[in-house]
Amino acid sequence: MGPPTKGNEAMKKYDVIVIGAGHNGLTNAAFLAKAGLDVLMVEKNDYIGGASVSRNLHKDWMYSNCSYVCSLFRPEIYRYLNLGKHGLQVVTYNGGFSLTDCGDYLGSYSDHDVMRREIQRHSPIDVDAYDRYYTEMAKWCRFIRPLLLRTPPDPTSFKIRDLDELRFLAKKFGELGHKDLHDFMRFFTISVGDFVDQFFTSDLIKAHKAGSAVVGTNLGPYSPGTAYVLLHHYMGDVDGATGAWGFARGGMGAVAKALAGAFQEHGGEIRTGSGVEQITVKNGKVTGVRLENGEEIKADRVVSNLDAKRTFLGIMDPKDAGEKVVKAAKKFKIRGSSGKLNIALNGIPELSALPKDSKLIQGDFHVVDNMEAYERSYDEWKSGTWSKNPYLDVLIPSLTDPTMAPPGKHFMSVFVQYCPEKVNGQDWTPELVKQFGDTVINTIAKYSPNFKSLIEHVEVRTPGKIEEEIGLTGGNIFQGELSLSQLMFNRPFPGYSQYRGPVNGMYMCGSSTHPGGGVMAAPGANAAREILIDMKISTTVPEDEGDD
Amino acid sequence: MTTEIDRDHWRSAVKFSPFYNKLKDHDMVNMWHRWAGYTVPTVLENTTFEYFAIRNTASLFDLTPMSKYRIWGPEALDYMNRLLPRDMTKLRVGRVAYTAWCDDEGMVIDDGTVFRVAEDEYLLCAQERQMEILKRNAIGFDIEFEEISDEIAALSFQGPVSCKILKNMGFKDIETMKMFDLRYFDFPGGEVMISRSGYTGDLGYELWMKNEQAEPMWDAIFDAGKDYNIRPIGGNALEIARIEAGLIAANVDFSPANETVRPGHAKSPFELGLDWIVKLDKGVVFNGRRALLKEKQQGSRFRFVRLDVEGNKTACNAYLFDKENGKNIGYVSSAVWAPSAKKNIALGFVDMPHGKVGDIIWAEIYYKKELKWNRRWAKCTVMDGPAWNPPRKTKTPPDDF
Amino acid sequence: MTDSNKNKYDAIIVGGGHNGLVCAAYLAKAGKKVIVLEANSQVGGGAVTSELCYGKRISYCAHFLNQLNTHVLKELNLAAHGLKFAARDLSTVSLDRDGDHLILTKNSAKGGGITKEEAVAYKNFMMLIHDYAKTLGFLMDSPPIDIFNPDWDDKLAALKLGWKLRVGLGAEKMSELLRMIGMNIRDVLNDEFENNKLKGALSFDAVLGTHTGPYSPGNFLNFLYRYAAGDSGALNIPEGGMGAVSNAIASSATASGAEVRTDARVRTINVENCAVSGVTLENGEIINSSMVISNANTKTTVFDLVGTRHFEADFVLRMTNYRMRGAAAKLHIALHALPDFKGLSKEDLANRLLIAPDQEDVERAFNHVKYGETSPSPMMEISIPSLVDKSLADNGHVLSATVQYAPYALKGGWTEEAKAAFLETCIDRIAEYAPDIREQIEHAEILTPKDLEDRFGMVGGNWHHGELTLDQMLMLRPVPEASRYALPLDGLYICGAGAHPGGGVMGAAGRNAAKAILKGEVK
């Protein structure tokens, strides 16, 4: 595949074009470039990163205005793309807590003994249950993690590779044994509410633990299948500490920046402000892309990092995609349910419940203290409006990462569950957006008397705004719901889970593919591996290397 | 757990046992570690001296961090009999028993001691936390249970002169206590419970008291034992003694089944050499019974071995082989130079059918000499019992010295 | 009591529900000496006909016979033992306030604003569903496959399943099934249809008898289940009510030599030396046998009849976690005369009537039950069996309805007032479609999930005796230690709906249990 040929740009034909400079697109492109291919990355926005982005929207503040924490990012990718050299630093943060309506809090402490005492403070009977809970989570993390950097098998295929992969899965299940298999099936299908009910008696502890399980889903805590989403938030690790979360120093844009650095180091080219209108196809084979400005760029292969709906219903001619794929794409579930507020603060908000010198505030805090309230806020979303008493995941990254805000000032990221794509079927109006923002701000203000007075700037992001800006259909943060019908070989839909599209030379690498959303970069890497296999180039895309 | 937890508890990650200040008085090296939330001494002055207090005079070890539970109610006996593989109808009031307990798969969750303190009341003392296990076992039983770990201060008082000192303290007839007897004795502040039990393989007692009796008890012991060079000891000294006595430890020699994540990594009582506690024919169901019956018929995977290791290099973390440079058949889980047995010993596990008493197996030992790593093959003999098992451990009444 | 009857019976079956009777019949046919002990004065459990008021009788729990296992029907020769059908293959009529009712059969949809295209779509969809149901349905006819310790039958069944999936269905439908199996009914229906009435009616079938709403993932499986059992889920009404089914099975069982005793409530299942030794009846009588097969609810069996102490603790915990939440109530009304449902003839009314106008309505009705409240505007499946079976009412008519949703644990408890209020809610709901119904009511009563538990031993009010979800099905039902009908206690078995393949008047669990027990003896 020699070095890129210099010459007439108009005539230039790339080996691969990757559409969409989100973290998966960049990962994909970087691995391909590293393998010696001539790769062009096209991005519709004037900035790269997709949802892993840091933006300077107000004075000297840096907002991680979409994704805001980092845990799932595969360490193998970090290592193989040498992201440290390109400036990526993932720093763990500690703390976190849930605030109760009665003025108390439940802290998350990294020290196991302190954590036990904190549980004991609220509910003595639940102390040991807490350990049992973590043992069970560890079991499933260990089971799932090796699957992240592998291509799912096609269960209907008789190809040797698929059969081998099926055998690999069967062996893993076989090792579990009868009872663990039962627990596993149970874990995969039950609601997070039922799941935590098995362990805890205290509603506060349940809500504290169950919180992340409905984040980004269109499900409530008592909807079957949500326990798995919990795992999706636990299976990450920072420096081997399972379940730990960290910040990318400089905001989530640092992830994209480092990936882009690795990509460019290997000769890759990035064009921003270049939205793709269509993937061009001739005789059943990809020929390149046509940009929104009409320019055509040629390539043998095109990889779409857009979600499955945007890819197949947006930038492909239905004739090229084929009836089956179009139908499947229409059935692809990608409903948004989350909103976000990015807030510039003039100081650290005081939380009445928290002791003054507590370090817990460096972590994320939540404001729902019981399961029923949580489920009811889901009912509100179902009925077409945002939750009036929403689940919030509030973080102040600038308490850990000094680069996010001017000295003494702070950046606050507020993730809001639930927030609908449309309000009672109507598009969001500025007035509605303001009301939504006020709901969130007033909720926080209930627990923090000086909060409102510290606010300098607020960016309110509804699912609609997220879609408009970074192209996630419906504003779904996982680029497609994480339900049993859209996981593994069902992601994004049957027959297309191996990153290959319906026409020759067309691939997918976004979170719409296995293993799904979160700033994990696994889909991008897995797709690169498949492309290299197709091109018969020996691949350097790593599989899971944790010895566990 | 009745203790109210202070809202400011997080300011200290560690808890302090009621003996903390007393221990601190003897601390010369400032080496502490955490055990079940408490900070406890690893060494107070010198491990060897501390060890010899166990074998030569009397040693004091703070047992407070142990997990302690009280179980009572009309069906307490039935409950314990289902929980434990031993035949609990044989445990009379005033007796203590060492036991392990299993999950349904017959894998050991933990081991510990059970005290029958009254007709319908037991205490259970374990290394690891057992609330979840007690909870699931309680379904359908007319019993109550509570954790009393933080409410009971406990001291392990071990060594050849321990009985004499207790006698000096005025605990009447204490010398008539047989191994695994328990009795209550008067002490300022209320009765204290003393059991003739321990984790050292030697003559010794365990003293159970209220937190506020901890310091007076400590002083009383030192007072009565001032002629005998009593020593408080840290965890390191105890570790030598327990390996020498051939006793297993949770999370060292076996992974508690309820905390084990990897399939196949837990061990059954047969595989831990605890056949004698499993009473398959006791006539009532107990946890693990069906699996253990099956294992009895079909054979175990591993055998627990106590090894006499050639040479003087301890076989820490060593792999075990059937012959020199042979097939790997197992591993060492605990190893130490036994100062009283004057032997290099190890505890470990080998695949069946290896490891019968008298069998020769080989250990590949890695060790450092002045920072340089060396490797040697050591011939090991499977011993027929613990390296240290003196008659005074069980002799009643014990000799004074 | 004496021990004289020791080993007089090869097996004691606790509970004369239809599965217990089926199991007894098969064991008796194989030459076993069995006795069925039924607590009530009539056999049948949830398949029972009882007097509602003077001169009127009604199927007191289950009211349609849509899942009876075809093997059971044939092998036990139930027709010869008196089972007759008053109506077969009924249609479903989804009620509309304005009289534009939607009428559904197995493969056709009309009325209710259904377009031609949609009728075709419905037909295609149902064909697909029946394909899926046929592919998986055979799994109901044998004990679940043991994948960890398979014998030849298991291996054969696994091969058969693979063959049916991959070759029978073909790659495309197979992967589509694998995709859909965990879905919620709402998304499935929204992918296929526009018509709200159609979606409402079909979503009701998915949530019927479950603790789910259309939005809840996993209930597409419950929808499929309806068509996998029996004669492709055809809706039948037996003559004489559901009790007639039980009586026919009992008659078949006794003809084969089984003994059936009613009014014989078992107080305990006895255990000696870690094995069952027999049972003690409420009256103190002891009957010995080294085999006891419980048709009672699995939880009841473990917790109450045997006692947890005779089981190991992890199993007990697993049993504790076995989910069996019911959310359906049963409504019975004795009518002086037929109420007037706008736009429906007498013949139409003989069908299965649904009140489930829109799946969003179904979900809204479900919302309440999550919080321990009753639905203010509940969904219903209504039958007026007296239209096809005169034996049920000397005069007038009887109406039976399954009502969703009502919680098992109502906030504040199921007091008489709460029950009366919910009864009124239900009648009001029917009155929306039949405004004159109140004038025709002679007597009305409602059985809450709590009542279902009290009367029929359905713990939690769940008539499947264990929710049918992926983790509580096949070899995981009720729990792994007991999935092959043998509980982890020597000599103790289960044969009820709590075991594979679950509930509904199916008889498959009883038949499979007998099969597994007989096979175990050969081994």
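State the percentage of accessible surface on chain C attributable to carbon and sulfur atoms; use a 1.4 Å probe and exclude ligands, DNA and RNA. All intermediate terms of the calculation are to be shown ahead of the outcome.
Values: 9110 of 17950 Å².
Here carbon and sulfur together make up 51 percent of the probe-accessible area.
Would you work out the charge dipole size for region C:365-479 about its Cα centre, treating the Cβ of every Lys and Arg as +1 and the Cβ of every Asp and Glu as -1, and quote it to the nearest 20 debye?
400 debye
What whole-number value in Å² describes the accessible area per residue of chain C for a 1.4 Å probe?
Here the per-residue accessible area is 34 Å².
Rounded to whole Å and ordered largest first, report the semi-axes of the equivalent ellipsoid of region B:301-388 derived from its Cα gyration tensor (root of 5λ).
20, 16, 10
Looking at region A:1-156, how many pairs of lysines come closer than 24 Å at the Cα, when each pair is eight or more places apart or spans two chains?
Within region A:1-156, the lysine pair count is 7.
Just to be sure I understand: if you take the accessible area of chain A alone plus chain C alone and subtract the pair, with a 1.4 Å probe, what total do you get in Å², rounded to 100? Before the final figure, lay out the partial values.
Numbers: alone 21770 and 20470 Å², together 38810 Å².
Heavy-atom accessible area buried at this interface is about 3400 Å².
How many lysine pairs does region C:279-373 hold where the Cα atoms are under 25 Å apart and the two sit 8 or more places apart or on different chains?
5
First select every other residue whose beta carbon is under 14 angstrom from the beta carbon of A:Val69; then total the charges, Lys and Arg +1, Asp and Glu -1.
Within the 14 Å Cβ shell, the charges total -2.
Counting each DSSP H run of 4 or more residues in chain C as -39500 (n - 2.57), what helix-only mean residue ellipticity at 222 nm follows after dividing by all residues, to the nearest 500 deg cm²/dmol?
-10000 deg cm²/dmol
Using alpha carbons only, what's the Rg to Rh ratio of chain A with Rh from Kirkwood?
0.96
Under a cut-off of 21 Å between alpha-carbon atoms, report the lysines in cross-link reach of B:Lys68, not counting same-chain residues fewer than 8 places apart.
B:Lys15, B:Lys135, B:Lys210
Accessible area per residue, 1.4 Å probe, Å², for region B:301-388: what's the number? Walk me through the intermediate numbers first.
Working: 4630 Å² over 88 residues.
Using a 1.4 Å probe on heavy atoms only, each residue of region B:301-388 averages 53 Å².
Taking every residue in C:213-220, how many Cβ atoms of other protein chains lie within 10 Å of its Cβ, on average?
5
Once neighbouring chains are kept in place and the probe is 1.4 Å, which whole percent of the accessible area of region B:190-321 is contributed by carbon and sulfur?
Ligands and nucleic acids excluded, carbon and sulfur reach 46 percent.
Any idea what the relative contact order of region B:1-97 is, in percent, if you count C-alpha pairs under 8 Å spaced at least 6 apart?
Computed value for region B:1-97: 18 percent relative contact order.
For every other residue with a beta carbon closer than 12 angstrom to the beta carbon of C:Gln472, add +1 if it is Lys or Arg and -1 if Asp or Glu, then tell me the sum.
After counting each charged neighbour, the total is +2.
How do the peptides C:391-402, A:306-317 rank, highest first, by the average count of neighbouring beta carbon atoms within 10 Å per residue?
So the peptides C:391-402, A:306-317, ranked by packing, come out A:306-317, C:391-402.
Please compute, for peptide B:126-132, the average count of beta-carbon atoms on other protein chains lying within 10 Å of each residue's beta-carbon.
Details: counts 0, 0, 2, 5, 1, 8, 12.
Mean number of neighbouring Cβ atoms from other chains: 4.
If the cut-off is a Cα-Cα distance under 13 Å, which aspartates and glutamates reach B:Lys313, setting aside same-chain residues fewer than 8 apart in sequence?
Within the straight-line limit of under 13 Å, B:Lys313 reaches these aspartates and glutamates: B:Glu364.
Which whole-Hz couplings ³J(HN,Hα) result when phi for each residue of region B:196-201 is put into the Karplus expression 6.51 cos²θ - 1.76 cosθ + 1.60, θ = phi - 60°, listed in order with x for Gly and Pro?
For region B:196-201, the Karplus curve yields 8, 7, x, 10, 10, x Hz.
Go through A:Ile361, A:Val53, A:Leu81 and say which Cα lies farthest out towards the positive end of the charge dipole of chain A; charges sit on Cβ, +1 for Lys and Arg, -1 for Asp and Glu.
Final value for the positive-end residue is A:Leu81.
Among bridges DSSP assigns within chain A, what percent are antiparallel (round to 5)?
Beta bridges within chain A, antiparallel portion: roughly 70 percent.
Please work out the C-alpha center-to-center distance from region C:98-128 to region A:501-520 and express it in whole Å.
What the calculation gives is 37 Å, centre to centre.
Over region B:301-388, calculate the relative contact order: mean separation of alpha carbon pairs under 8 Å at least 6 apart, over the residue count, as a percent.
It comes to 36 percent, rounded to a whole number.
Quick check: net charge around A:Asn28, other residues with Cβ under 12 Å of its Cβ, Lys/Arg +1 and Asp/Glu -1?
Taking every Cβ under 12 Å from that of A:Asn28, the sum is +2.
Given a cut-off of 27 Å, name the pairs among B:Lys342/B:Lys395; B:Lys267/B:Lys368; A:Lys333/C:Lys110; A:Lys359/A:Lys465; A:Lys359/A:Lys409; C:Lys155/C:Lys519 whose C-alpha atoms lie farther apart than that in the structure shown.
With Cα atoms farther than 27 Å apart: B:Lys267/B:Lys368; A:Lys333/C:Lys110; A:Lys359/A:Lys465.
If I compute solvent accessible area with a 1.4 Å probe over the protein chains, what percent of it on region A:403-548 is carbon and sulfur?
On the way: 2550 of 4920 Å².
Taking all protein chains in place, region A:403-548 shows 52 percent carbon and sulfur surface.
Straight-line reach only, C-alpha to C-alpha below 13 angstrom: list the aspartates and glutamates that C:Lys74 could link to, leaving out same-chain residues fewer than 8 apart.
Filter leaves C:Asp231.
How many percent of DSSP beta bridges within the protein assembly as shown run antiparallel, rounded to 5? Write down the numbers at each step before the final one.
Working: 170 of 212 bridges.
Of the beta bridges lying entirely in the protein assembly as shown, close to 80 percent run antiparallel.
Quick one: buried accessible area between A and B, total over both chains, 1.4 angstrom probe, nearest 100 Å²? Don't skip to the end; give the middle numbers.
Details: alone 21770 and 18670 Å², together 37810 Å².
The A and B chains share an interface burying roughly 2600 Å².
Considering the options B:Leu247, C:Gly243, C:Met458, tell which one lies farthest towards the positive end of the dipole of the protein assembly as shown, charges being +1 on Lys and Arg and -1 on Asp and Glu at the Cβ, about the Cα centre.
The listed residue farthest towards the positive side: B:Leu247.
Counting only C-alpha contacts under 8 Å and six or more residues apart, can you give the relative contact order of chain C as a whole percent? The partial results should precede the final answer.
Numbers: 1193 pairs, mean separation 126.4, N = 523.
Across chain C, relative contact order equals 24 percent.
Give me the distance between the Cα centres of region B:354-373 and region B:375-401, rounded to whole Å.
Cα centres, region B:354-373 to region B:375-401: 20 Å.
Once C and B are treated as a pair rather than alone, how much accessible area drops out, both sides summed, in Å² to 100, probe 1.4 Å?
1600 Å²
Whole-Hz ³J(HN,Hα) for each residue in region C:278-287, computed from phi via Karplus 6.51 cos²θ - 1.76 cosθ + 1.60 with θ = phi - 60°, x for glycine and proline: what do you get?
Result, ordered by residue: x, 9, 10, 7, 4, 7, x, 5, 10, 10 Hz.
What is the distance in Å between the Cα centroid of region C:19-51 and that of region C:240-274?
One Cα centre to the other: 3 Å.
Is there a simple number for the mean count of other chain Cβ atoms within 10 Å of the Cβ of residues in A:179-191, and what is it?
Taking all residues of A:179-191 together, the mean is 6.
Bin all alpha-carbon pair distances of region A:136-243 at 5 Å intervals from 0 and give each bin's fraction as a whole percent.
2, 11, 18, 20, 19, 15, 9, 4, 2, 1, 0
Based solely on its DSSP helices, what 222 nm [θ] is calculated for chain A when runs of n ≥ 4 H residues each add -39,500 (n - 2.57) and the sum is averaged over all residues, nearest 500 deg cm²/dmol?
After summing the helix terms and dividing by the residues of chain A, the value is -10500 deg cm²/dmol.
The values are calculated or read from the model by the stated rules, or taken from the named source; none is laboratory data. Note that the structure is a prediction, hence the values are computed from the model and not measured. Because the Cβ atoms are built from the backbone with ideal geometry, glycine has one as well, and the counts that use them run over all protein chains shown. When the accessible area is computed, the model is the full protein with side chains, heavy atoms only, and any ligands, DNA or RNA have been set aside. Shrake-Rupley method; radii C 1.70, N 1.55, O 1.52, S 1.80 Å.
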